[in-house]
Amino acid sequence: MGFSYYWSPEHQRAWSEKQLLRYVKSHILTYHPFYRKKCREMGIGSGNLKNYEDFRKFPLVTKTDLVEDPRAFILQPTFPGREPLYKNIAPIRKADLLRYAYQAVRRPLLASATGEERTLKKRIEAEARREWFPIHFHASGGTTGNPSPAVYTHHDIFNVTPSIVSMSSWCGIKPEHKMLNLFPAAPHLAFFQVVFSQFLMAGHVFHTCGGSVIPTERQIQICEQLEFDNIVAIPSYLTYWLEVAEKMRKRGDIKKIDNIKYAVVSGEPMVPAYRERIKEQFAAIGSKDVTIIEGYGMTELKGAFYECAEGSGIHLNTEHYFWEVLDPETKEPVPEGHEGVLTFSHIDFRGTVLIRYFTGDLIKGMVWEKCEHCGHTSPKLLTPLCRAVKDFTKIKGSRVNLLNLQTAIRNTEGVESFQVVITKQRPEDPYSRDWVRIHVAKKADANEQTIVPILKKNVKLDCEISPSEVIFNTPEEVENMLFARTNLKADWIIDERQVHV
């Protein structure tokens, strides 16, 4: 019987755990260079992996482990007549070779196949390549500059990914909808997840490939002409895109864009104030009642997941992933619904495979229940999301949640856009006092003298610190500051301090 999202949480948990343990025994302990070596050193074998408590003996891994030797995380069985890429990797099972032979006989020959390609040996080799040979990879650039590559085989894209991308339809987006993809054409998951979804679900997508390929103004003209139903983008770039569209409408360059139904956003936390601002911007160009769907994904995950409705929580796939939420300090599991760091293990993937990958993403909690909006049962991430390390820092001796800092400023009436710069009172002296400078672009009808005390009060209440100064800039100046570094993601908060805090 196949997996079902209408099973009870208990049934799904048991099924996912069973499939994970089966996969670990059959593939990870045999063909995975990194884990095979680690488990041998730790004395972990098939005989002592009977339940989740046994599985917890597996070491947690992080991005540091992955970037140190990415190839060691790719499943690599040894084939007859070939030198193993890593020592002590098990040979491919005879049962698999027989399976490839059976598949080769049943699969119709390509019309272009000639000579050797028609022999049974070559056709068996082709079947093995479909399962194991890397045909695609992309990598996250990362703020650290160390890319995290994710390698896919034919098996990953055509046997596993369809189960993941099909979940995107739960929010109401239909195959006949036309989608505008604002992500830049780059080797990262955000762009390729849309590409995979388009071809695996027969979706209708126009890829702008980013502003450096098609200027933003031209993208907006195309959007008006072709009447797209949905947009997918990073929130900060979408905000900029909508600002430009509103200006074009006021100038008469476009009439209106009133057909947008959904905006799928990922890559940055989507707090309620941010969501409302984007809705107001859509309304300003003619699209009212746009549904903002938040997504979650990362290159290492080899997939992305979404809300089914605004604020529903992000639905996770349990057919091909095993999920844990761990205490950031003790690394022990936390009770359901409690805050912790999201940790995942792949199930039935080939190519790059991660087991107990400690993402560093601090979530408010994960609940496993039947959704009141879509009726599916799955684990759901409670939003908004933030980083366990990156999104916390010490300012003036206080541990500050940087997402809360952004929200406090966004909730200040009259603030159109902003950037926070954390520096030192005397930048040349790394041991001088922390200095928090907030650059604000106010709304046209707002008063600077009214904004400042409310903004300082909000920041003090939410973050227990006081801004050192508030500087007012034009919207264009703040926009240039936000996109000065990457021209893709807005830098809402910049930390210029020279010492670790």
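Taking a ≥ b ≥ c as the square roots of the eigenvalues of the Cα gyration tensor, the chain is classed as prolate, since a/c reaches at least 1.5 and a/b is larger than b/c.
Using packing as a proxy for protection, rank 97-108, 373-384, 202-213, 260-271 so that the peptide with the highest average count of other Cβ atoms within 10 Å comes first.
So the order, starting with the most tightly packed, is 260-271, 373-384, 202-213, 97-108.
On the basis of the beta-carbon distance and an R0 of 56 Å, LYS261 and LYS94 show a calculated FRET efficiency of 0.60. Bridgeable lysines around LYS288 (alpha carbons under 16 Å apart, same-chain partners fewer than 8 residues away excluded): LYS255, LYS256, LYS261, LYS279. Subtracting the Cα-Cα distance of THR119 and GLU276 from 0.36 nm times their residue separation leaves 50.3 nm of extension gain.
Peptides 178-188, 300-310: what's the order by average Cβ count within 10 Å, highest mean first? Intermediate results must be reported in sequence, preceding the final value.
Working: 178-188: 20.1, 300-310: 22.4.
My ranking of the peptides, most packed first, is 300-310, 178-188.
Derived scalar couplings between HN and Hα for segment 126-135 equal 5, 5, 5, 4, 4, 7, 10, 7, x, 10 Hz in order, rounded to whole Hz, by the Karplus curve 6.51 cos²θ - 1.76 cosθ + 1.60 (θ = phi - 60°), x for Gly and Pro.
DSSP finds beta bridges in segment 136-257, and of those with both partners inside it, around 40 percent are antiparallel. Remark: the chain carries a charge dipole of roughly 1600 debye about the Cα centre, counting +1 on each Lys and Arg Cβ and -1 on each Asp and Glu Cβ. For segment 9-76, what does the alpha-carbon gyration tensor say about shape, rounded, prolate or oblate, given a ≥ b ≥ c as the root eigenvalues, a/c under 1.5 as rounded, and a/b over b/c as prolate? Verdict is prolate for segment 9-76.
With a Förster radius of 45 Å applied to the beta-carbon distance between ARG129 and HIS373, the computed FRET efficiency rounds to 0.60.
Charging the Cβ of each Asp and Glu at -1 and of each Lys and Arg at +1, and nothing else, the dipole of segment 133-311 about its Cα centre rounds to 360 debye. Taking every DSSP beta bridge that has both ends in the chain, the antiparallel portion is near 65%.
Other residues lying with their Cβ under 14 Å from the Cβ of GLN281 contribute a combined charge of +2, Lys and Arg counting +1, Asp and Glu -1.
For the pair LYS250 and THR64, what calculated FRET efficiency results from E = 1/(1 + (r/R0)^6), where r is the Cβ-Cβ distance and R0 = 41 Å, to the nearest 0.05? Could the numbers behind the result be given before it?
Details: r = 49 Å, r/R0 = 1.20.
Taking R0 as 41 Å, the efficiency between THR64 and LYS250 is 0.25.
Values in this text are rule-based calculations from the coordinates and carry no lab data. Only a predicted model underlies this, so the values are computations on that prediction, with no experimental measurement involved. When we count neighbours, we look across all protein chains shown, and the Cβ atoms used for this are built from the backbone with ideal geometry, even at glycine.
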